[in-house]
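> Just dropping this structure here.
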Amino acid sequence: MTTIDDFQNSMSAAAPPAGLGLALQALWWVRHGDWNRAHECVQQREGDRDCDWVHAHLHRQEGDMTNAGGWYRRAGQPVSSLPLQDEWTLLATEMLSRA
């Protein structure tokens, strides 16, 4: 899977497509409405910049900006001011381009 359209179209399935890394799996689960499962994915790879970046996004979505700020720092990213949906799309597009 290499395009954002393919990734978004996969949301009708019961599980993320095979072969996705944990950061993309987390993005899939949070878009699918399962924040806890998304959080479990990123917690498995703390220290991985992509997982840390998605971890920040998840805590931002939760409204915990203190926690989110720490994860943005760990990911080497500025704290996002984008609407959550736009940040999700940015994250997914960036990570899919490298997958």
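> Whether any residue in the range 29-45 is surrounded by 15 or more Cβ atoms within 10 Å (Cβ to Cβ) and either in contact (Cβ under 8 Å) with a residue 40 or more places away in the chain or of a type in the set (Ser, Thr, Tyr) (or both) is what I want to check.
yes
> Could you list all residues from the range 83-99 that are among the aliphatic types (A, V, I, L, M) and either more than 20 Å from GLY33 (Cα to Cα) or surrounded by 17 or more Cβ atoms within 10 Å (Cβ to Cβ) (or both)?
Hits for the range 83-99 are LEU91, ALA92, MET95, LEU96, ALA99.
> Just to be sure I understand the filter: pairs with C-beta atoms under 7 Å, separated by 6 or more residues or on different chains, first member in the range 70-82 and closer than 11 Å to HIS57 by Cβ, second member outside any helix (DSSP H, G or I) and modelled with pLDDT under 95. Which pairs pass?
none
The values are calculated or read from the model by the stated rules, or taken from the named source; none is laboratory data. Predicted, not measured: the structure shown is a model, and the values here were computed from it. Here the Cβ is made from the backbone with ideal geometry for all residues, glycine too, and neighbour counts use every protein chain on show.
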